[in-house]
1. Filter region 110-145 for residues that are polar (S, T, N, Q) and surrounded by fewer than 21 Cβ atoms within 10 Å (Cβ to Cβ); which is nearest to L13 (Cα to Cα)?
2. In region 66-88, is there at least one residue being at positive phi, among the charged types (D, E, K, R) and in contact (Cβ under 8 Å) with a residue 60 or more places away in the chain?
3. With (1) modelled with pLDDT of 95 or more; (2) surrounded by 15 or more Cβ atoms within 10 Å (Cβ to Cβ); (3) part of a strand (DSSP E or B) as the list, and A157 as the residue in question, which single condition is left unmet?
4. When residues of region 63-97 are filtered for being at pLDDT 90 or above and among the polar types (S, T, N, Q), how many remain?
5. Check off (1) assigned to a strand (DSSP E or B); (2) at pLDDT 95 or above for P138 and give me the number that stays unchecked.
6. Provide a single number: the residues in region 160-195 that are part of a loop (DSSP other than H, G, I, E, B) and open to solvent by 10 Å² or more (accessible area, probe 1.4 Å).
7. When you look at I137, is it more than 20 Å from V149 (Cβ to Cβ) and touching a strand residue (DSSP E or B) at 6+ places or on another chain (Cβ under 9 Å), yes or no?
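The values are calculated or read from the model by the stated rules, or taken from the named source; none is laboratory data. From a predicted model like this one, the values you see are computed outputs, not experimental measurements. Note: ideal-geometry Cβ built from the backbone for every residue, glycine included; neighbour counts use all protein chains shown. The area values use the complete protein model at the heavy-atom level, side chains included, leaving out ligands, DNA and RNA. Shrake-Rupley method; radii C 1.70, N 1.55, O 1.52, S 1.80 Å.
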Amino acid sequence: MACQIWRWGNESLHFLPEKALWRETDRVLMVADLHLGKAEVFQANGVPMPSDGDAGTLNPLLDLCHAWQPKRLILLGDLIHARLGLTEPLRAVLRALPALCGCEVVLIGGNHDRDSWLEGLPQQPSQSLGDLWLSHIPETPPDPDQLNVCGHLHPVASVQSRSDRLRLPCFAFDPKGPRLVIPAFGQLTGGHDCGERYQQWLVADDAIVPWLASFPNKRGRQTA
């Protein structure tokens, strides 16, 4: 599968078509917004939904870890959709997640994870990783030279022709942040149009496609 290599200062980042970010320096894999247990939350509120949504999210994650062999998997928040969806089978899977992924798993707590206790996966605060500031919601890094890498926004881009309109997940870069927002990884997540102020890379047909990439190069940044 074709990925896009993008550089920020000394950071070499890979945009993966599986909607994940790969940090080459120390073999770190990052995903955001899995929203596990979402179907069960909807069912509890009387909305009929199939119960296999978690498998459609977890199996691709395990395949991704098997393919890339990360030393660490960082979950950028909203691992679960709500405490109501934390069934015992899901709790068992989450306890086994490091063994299943074959690496250390770090959870940076998101707004949907709040007030939920996950055995073996304590929620950590936003934190530095090299030239990156990792968070769930968009934040201003403590170091102005750092790039904020976050989730939360579920970015999508609109692609139109005369007769069709598609909304595709995307990686989105805001040079004023500076901020890189990665797409939602979960199968049952929606998306929000990130707007023209963002430079966008579409996730389409197992490839990363630069889209509306018209911003001039900024200091410490280039695409390759």
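1. Of the residues in region 110-145, the ones polar (S, T, N, Q) are 111, 116, 123-124, 126-128, 135, 140.
Subsequent filtering for residues that are surrounded by fewer than 21 Cβ atoms within 10 Å (Cβ to Cβ) retains 111, 116, 123-124, 126-128, 140.
Details: N111: 26, S116: 31, Q123: 24, Q124: 22, S126: 19, Q127: 17, S128: 15, T140: 20 Å.
Looking at residues that are polar (S, T, N, Q) and surrounded by fewer than 21 Cβ atoms within 10 Å (Cβ to Cβ), I get S128.
2. yes
3. It fails just one condition, (1).
4. Total meeting the criteria: 1.
5. Single failed check for P138: (1).
6. We begin by selecting, within region 160-195, every residue part of a loop (DSSP other than H, G, I, E, B); these are 161-164, 175-178, 182-183, 185-191, 194-195.
This time we only want the ones that are open to solvent by 10 Å² or more (accessible area, probe 1.4 Å), so: 161-164, 175-178, 185, 187-191, 194-195.
Matching residues across region 160-195 total 16.
7. Values: more than 20 Å from V149 (Cβ to Cβ): no; touching a strand residue (DSSP E or B) at 6+ places or on another chain (Cβ under 9 Å): yes.
Judged against the criteria, I137 is not a match.
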